[in-house]
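Down below is the structure, laid out as structure tokens.
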Amino acid sequence: MIKRFSIPLTMFLFVSNAFALPLNSSVPGGVAVIDIGGATEASFNHDNVMTITENGKNYAILGIGLQQAPGDYYLEVGKSQIPFTIHTADYPTQRLTIKNRNQVNPAKAELERIFREKKEMNKMFSYFRSEEKIDLEFFLPSEGIISSEFGLRRILNGQPRSPHSGIDIAAAEGTDILVPSAGIVSMTGDYFFNGNTVLIDHGKGLITMYCHLSKINVSINEEVRKGQKLGEIGKTGRATGPHLHWSVSLNNKRVNPRVFLQ
Ligand SMILES: [Zn+2]
């Protein structure tokens, strides 16, 4: 049922990753896995970066924004800096047509709500909650067809929009959505673009988002376990049909969820 990995493999830099580390993909929209020696804390552009210990080695797990320019950068580790390179990625283009013009160019009255929701969402994505054990091996939260990949450059009714910040899984309304990794529900709500939405905080700046739900089965501050049902697929908010929009955010950068699917 689920479409296979369709992103060109040349996009990723493979290293000999330990079992529980995410795929090292130092590209815009990817995740860089950086050996930080004896250090246990790291930051990039003044943002806290997730660090983990795996097989006795310490790593920074850095989310790279889709808008980040490729090039050479430094990760701040205590008083020293570790150089790393962000390579180029090539994401395809997708053209979409949406009939409800109000959702393409929202009316003035809606703009205030959209702005408020964007601010709220951004605040949620910037949380950095300390957590000892983080399960970085996700599974696809719902069964269905991948109808839109992460990073697609979208043209909506002829107008270029921001690239796709998650992956879309299309399935019948009411299909179960399962928690792909343990965490705490940090937000639930009904949003203009995203419809019924759930955010799960997995710790150290790793936050996942589930949108357009027809039903939400969890509540705010609830501790959720891997495999637990969090809701059902729907088409609330801006959606052309029933699907799950699934986003993974790391240090407040939306990254390719496939990095965590191994
Ligand atoms: Zn989507």
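ALA89 meets the conditions (1) without any contact (Cβ under 8 Å) to a residue 60 or more places away in the chain; (2) open to solvent by less than 30 Å² (accessible area, probe 1.4 Å); (3) assigned to a loop (DSSP other than H, G, I, E, B) in every case but one. The failed one is (1). Report yes if some residue within segment 188-197 is open to solvent by less than 10 Å² (accessible area, probe 1.4 Å), farther than 25 Å from ASN105 by Cα, at pLDDT 95 or above and within 13 Å of the ligand (Cβ to nearest atom); otherwise report no. Within segment 188-197, not a single residue is open to solvent by less than 10 Å² (accessible area, probe 1.4 Å), farther than 25 Å from ASN105 by Cα, at pLDDT 95 or above and within 13 Å of the ligand (Cβ to nearest atom). On the basis of being touching a helix residue (DSSP H, G or I) at 6+ places or on another chain (Cβ under 9 Å), under 17 Å from SER130 (Cα atoms), not hydrophobic (A, V, I, L, M, F, W, C) and not assigned by TED's automatic domain parsing to the domain that holds ASN24, does THR197 make the cut? Answer is no for this residue. Scanning segment 215-249 for residues that are within 16 Å of the ligand (Cβ to nearest atom), aliphatic (A, V, I, L, M) and open to solvent by less than 20 Å² (accessible area, probe 1.4 Å) gives ILE233, LEU244, VAL248.
Condition check: closer than 22 Å to GLN159 by Cα, under 17 Å from the mean Cα position of the chain (by Cα) and assigned by TED's automatic domain parsing to the domain that holds VAL255. Does LYS118 satisfy that?
On the way: closer than 22 Å to GLN159 by Cα: yes; under 17 Å from the mean Cα position of the chain (by Cα): yes; assigned by TED's automatic domain parsing to the domain that holds VAL255: yes.
For LYS118, the condition - closer than 22 Å to GLN159 by Cα, under 17 Å from the mean Cα position of the chain (by Cα) and assigned by TED's automatic domain parsing to the domain that holds VAL255 - is met.
Inside segment 50-60, residues that are more than 17 Å from VAL27 (Cβ to Cβ) and surrounded by 17 or more Cβ atoms within 10 Å (Cβ to Cβ) make up a count of 5. State whether one or more residues within segment 95-114 are assigned by TED's automatic domain parsing to the domain that holds GLU232, modelled with pLDDT of 90 or more and under 24 Å from ASN217 (Cα atoms). Within segment 95-114, none of the residues are assigned by TED's automatic domain parsing to the domain that holds GLU232, modelled with pLDDT of 90 or more and under 24 Å from ASN217 (Cα atoms).
GLY63 satisfies every condition listed in (1) closer than 25 Å to PRO163 by Cβ; (2) free of Cβ contacts under 8 Å to residues at least 60 places away in the same chain; (3) crowded, with 23+ Cβ neighbours inside 10 Å; (4) not β-branched (Val, Ile, Thr) except (2).
The values are calculated or read from the model by the stated rules, or taken from the named source; none is laboratory data. Model, not experiment: these values are computed from the prediction. In this analysis, Cβ positions are derived from the backbone assuming ideal geometry, glycine residues included, and neighbour counts consider all displayed protein chains. Ligands, DNA and RNA are excluded from the accessible area calculation, which covers all protein heavy atoms including side chains. Shrake-Rupley method; radii C 1.70, N 1.55, O 1.52, S 1.80 Å.
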